[in-house]
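Right, one structure below, let's go through it.
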Amino acid sequence: MSDEIEKMNVKNLRNNPFQHYVGIEIIKLGNGSSILQLELKDHHFNLYGIPHGGVHATLLDISMGTAASFPDNSGREVDSVTLNLSVDYISPPASRILVAKGKVTKKGKSIAYCTAEIFDKDKTLIASGRSIFKLYDRESNKS
């Protein structure tokens with residue numbers, strides 16, 4: 001975990017077992033944005049030798065959801081659930097390292113709109129996405 005994340009209130013990060021299973025790491029988080037990284041392993045590839053489209057969709061979804069969920073300047077702690085996810089597959093990666101950059105474009109009390117892009121190690125755009133998230137106050141979700 002990077003020093004920048006450790007300086008933040010890490011207890012606000014929820015344990016996401018699927019994120020860990022896939023191998024997605026948080027590089028940077030805060031101010032309505034996120035940077036995540038995934039090192040592709042053999043099990044991420046489809047029978048054509050390229051990463052399965054679900055890998056891209058997952059990486060985009062988690063990068064946007066994390067950006068939307070982490071407290072912004074208001075300090076409000078929320079959980080998010082994906083309402084809509086749109087993915088554009090642009091290019092196969094030239095490396096086994098993928099970096100996703102998620103960003104909140106608009107955030108209200110109950111809905112957040114986000115965008116994200118995935119790049120390979122050469123900074124080639126691999127995929128992009130847009131998503132809408134339903135936001136829930138974290139305090140009201142504790143049961």
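Whether any residue in region 95-102 is modelled with pLDDT under 95 and not small (Gly, Ala, Ser) is what I want to check. Checking region 95-102: not a single residue is modelled with pLDDT under 95 and not small (Gly, Ala, Ser).
Can you work out which of the residues in region 13-55 that are hydroxyl-bearing (Ser, Thr, Tyr) and in contact with a helix residue (DSSP H, G or I) (Cβ under 8 Å, 6 or more places away or on another chain) is surrounded by the fewest Cβ atoms within 10 Å (Cβ to Cβ)? Looking at the filtered set, the residue picked out is 33. Selection of region 106-120 for residues being surrounded by fewer than 13 Cβ atoms within 10 Å (Cβ to Cβ) and either among the polar types (S, T, N, Q) or closer than 30 Å to residue 49 by Cα (or both) yields only 110.
Could you grab me the full set of residues in region 62-77 that are part of a helix (DSSP H, G or I) and over 8 Å from residue 114 (Cβ atoms)? Passing the criteria: 62, 63, 66, 69. Among the residues of region 121-137, the one identified as among the aromatic types (Phe, Trp, Tyr) and buried (at least 18 other Cβ atoms within 10 Å of the Cβ) is 133.
Within region 84-140, the set of residues being among the hydroxyl-bearing types (Ser, Thr, Tyr), part of a loop (DSSP other than H, G, I, E, B) and in contact with a Ser or Thr (Cβ under 8 Å, 6 or more places away or on another chain) comprises 91, 124.
Taking the criterion of being more than 16 Å from residue 83 (Cβ to Cβ) and surrounded by fewer than 24 Cβ atoms within 10 Å (Cβ to Cβ), the only residue of region 57-70 that qualifies is 58.
Within region 54-78, the set of residues being out of contact with any Ser or Thr (no Cβ under 9 Å at 6 or more places or on another chain) and at pLDDT below 95 comprises 71, 72, 73, 74, 75, 76. Of the residues making up region 1-33, those that are closer than 18 Å to residue 76 by Cα, at pLDDT 50 or above and either more than 11 Å from the chain's Cα centre (by Cα) or in a helix (DSSP H, G or I) (or both) are 13, 14, 30, 31, 32. Only one of the numbered conditions (1) surrounded by fewer than 17 Cβ atoms within 10 Å (Cβ to Cβ); (2) under 28 Å from residue 52 (Cα atoms) is violated by residue 85, and that is (1).
The values are calculated or read from the model by the stated rules, or taken from the named source; none is laboratory data. Here the structure is a predicted model, which means the values were calculated and not measured. Cβ sites come from the backbone with ideal geometry, for glycine too, and all protein chains shown count toward neighbours.
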